[in-house]
1. Of the residues that make up region 42-54, is at least one in a loop (DSSP other than H, G, I, E, B), modelled with pLDDT of 90 or more, open to solvent by 30 Å² or more (accessible area, probe 1.4 Å) and not hydroxyl-bearing (S, T, Y)?
2. Tally up the residues in region 198-240 that are assigned to a loop (DSSP other than H, G, I, E, B), polar (S, T, N, Q) and in contact with a strand residue (DSSP E or B) (Cβ under 9 Å, 6 or more places away or on another chain), please.
3. Give the residue that is modelled with the lowest pLDDT, with candidates limited to residues of region 64-78 that are aliphatic (A, V, I, L, M) and open to solvent by 20 Å² or more (accessible area, probe 1.4 Å).
4. Does A211 satisfy the criteria of being under 19 Å from the mean Cα position of the chain (by Cα) and over 29 Å from P689 (Cα atoms)?
5. Which ones in region 489-520 are in a strand (DSSP E or B) and either free of Cβ contacts under 8 Å to residues at least 12 places away in the same chain or not hydrophobic (A, V, I, L, M, F, W, C) (or both)?
6. Run S254 past the list (1) open to solvent by less than 10 Å² (accessible area, probe 1.4 Å); (2) touching a residue at least 40 places away in the same chain (Cβ under 8 Å); (3) not basic (K, R) and report the number of the one that doesn't hold.
7. Within region 485-497, does at least one residue satisfy the condition of being crowded, with 19+ Cβ neighbours inside 10 Å, in contact with a strand residue (DSSP E or B) (Cβ under 9 Å, 6 or more places away or on another chain), aromatic (F, W, Y) and modelled with pLDDT of 95 or more?
8. Tell me, please, whether a residue that is of a type in the set (A, V, I, L, M, F, W, C) and modelled with pLDDT of 95 or more can be found in region 598-605.
Amino acid sequence: MPLFGLTRQKPRHFRDMFRIAWENRDQLPFAWRILRDGVCDGCALGTSGLKDWTLKGTHLCMVRLELLRLNTAPALDPTLLRDVSALSSRTSAGLRALGRLPEPLLRRRGEPGFRVVSWDEALDRIAQEMRDVDPQRAAFFMTSRGITNETYYVAQKAARVLGTNHVDNAARLCHAASTIAMKAALGHGASTCSYTDWLDADLIVFFGSNAANNQPVTTKYLHYAKARGAQVAVVNTYREPGLDRYWVPSIPSSAVFGTRIADHWFDVHTGGDLAFLIGVLRALVEMGGIDEAFVRDHTTGFDEARARALATDWDVLARDSGSTRERIEAFARLLVERPNAVLVWSMGLTQHAHGVQTVAALLNVGLARGLPGRPKRGLVPIRGHSGVQGGAEMGCVPSMDAATRARWQAVWGVDVPDAAGWTTAEMIEHAAGGDVDLFWIVGGNFLETLPDEARTRAALRRPRLRVHQDIVLSSGMLADSDGDVLILPATTRYESPGGGTETSTERRVIYSPEVTGRRVGSARPEWQVMGEAVARAFPDRATHVRFASAAAIRNEIARAVPLYGGIERLAAKGDQFQWGGPTLYADGRFATADGKARFAPLDTTRPAHAAVVAMDSMADTSRAFRVSTRRGKQFNSMIQREVDPLTGAHRDEILVSATDLARLGLRDGAPVRLRAQAGSYEGRLKAAPILPGNLEVHWPEGNMLLSSSAIDHQSMEPDYNAVVTLEPLDG
């Protein structure tokens, strides 16, 4: 093995650190204070400054460093937006590079661009719309870009004080399927264990997750877990290079020689995890691998789940999963031989039309092995964005149970609407159909994150008033409108007066203090603006939505959200608590009506999914492929590098197996067109260790292949996969 992996395709951490320092050279002291004192705004592992609660030593990664410039960038010149057509050729990265949004900007209907307006004019325009609008024609969306729990809470409260439940957050596009399945089975949609449990586990399994890319500090945890005897298994379509070997820069031996991560690979088709997991449960039953005492004392529904699993046909399971009976049984044996297991999953499981079923199948396996509620074991829907876990927990979702509604009414002193709210996809559908007059969008860029760009543009065009609240410019803000468009400059979490909190994947609520340093124009925290807008529209409701400080919001959260009791005491760097404790359900009781976890009664007569059905119906199946969308060097849809340092793939390259290249008589690098029902995509083939019959393209470039009608109707999470026909192009 070459020292430092110099001849290997891998990230060049130290080189990139110097590049980041150079990019932030005009604000180095401020940048350092953000790193030293703030809570990371990258993934959701959770830090306080440069420390975490899992290992001693420094917690720092390139995900956080790559985002640093968003916090230190100078203000953009608002005159550049006088005619937005002049910006139409800029990429999203080019728009972000213009700098931070400094002042409110208004584009009236029919005008070519934006002009700077005062906060009073901006807020009065919103207040006017709020007074005029039917609340059922107003919608609010919150992204996960560094947004704090305080902002989520005030946003959903402001929407409901206005009179609508049409409020949702970005988790709808990534882990909504996990939340639905976990609440049904366990009671809470959150990790059952802590990261420290990884260190003493026997086995850590990653399903549809590329943690080396999205949560790179987990490789440090895995290095030490393996040193203590743990093994790592990966269930995935593509053998991710970062999960094969990773060079952890903060561990000298790993920085020099690298760390071997995966001990076991289990290859599955895109979307084949459902059949694989049903097969695992069947194998566990047949080999006597069920934790009978745990199942008897702490669960319900096992008899039906067992009967359905045993009714499945092994040939069907093998075909639909892309695996074999022998490999499925080998995985089941691994779970039995290494009982202290942690199952980790991400969007490779959730972003399917059968996402809830797949997560439910995983939970069935976890319950069969007695994983939740015990130390050194657990079920972990790992989060990729620092703000996303707290969004739903703060109530920033379109539905609530009766008890929550009653509690909010008691705490708030106002009626809470009981009409059904819209999820993100439904907001877009209704907006495109002309059913939304006020559309308030905090962060994000629907033009990049959702399938069907034409429908999304219609959704952005039709509202009477569209409000964008963010720190930088995006293409979605420049989309044409038949009404008015407002752009409101937001502070980052580090600039927000009174600081704020985030909730990590392990349910740790962490205080991030306000960091001293320069401020950008007249930018304001999102929560302050939302409350003020409703207060101006309805002065009689002002006391319900105006908060004197971030601390005042935390005080109310503690009363309105019982899980977050203790948030009112967070006020300084390092302050934190972990709701549910280190091990959720440690007392053996689950957050269900009877205190027992529930096995899901999955339809296992044929665990087929849309891809199988679509491929069966194709006239020429020899060129039919399942295609999934993948992340390269990026954060959400923000592309940071043209070439992925882990895979070496360019953004236009399509990952394909060498077996399929040979079968089709195509060369590595051959130009091709992928044709799906929704659209087509052109790129170049790149040989990769991927299961034959499957392809991967980068997201969001591959969105044109996706259909807006492909959605998980249980969670309303879009399906970010497709079935395509591969057509060679001349070249």
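The values are calculated or read from the model by the stated rules, or taken from the named source; none is laboratory data. It should be emphasised that the depicted structure is a prediction, and the values quoted were computed from it without experimental measurement. Positions of Cβ are backbone-derived with ideal geometry, glycine not excepted, and every protein chain shown enters the neighbour counts. Accessible surface areas use protein heavy atoms only, side chains included; no ligands, DNA or RNA. Shrake-Rupley method; radii C 1.70, N 1.55, O 1.52, S 1.80 Å.
1. yes
2. Final tally of qualifying residues: 3.
3. So the residue we want is L70.
4. Considered against the rule, which asks whether it is under 19 Å from the mean Cα position of the chain (by Cα) and over 29 Å from P689 (Cα atoms), A211 comes out as no.
5. Within region 489-520, P489, G500, T501, E502, T503, R508, Y511, S512 qualify.
6. (2)
7. Checking region 485-497: at least one residue is crowded, with 19+ Cβ neighbours inside 10 Å, in contact with a strand residue (DSSP E or B) (Cβ under 9 Å, 6 or more places away or on another chain), aromatic (F, W, Y) and modelled with pLDDT of 95 or more.
8. yes
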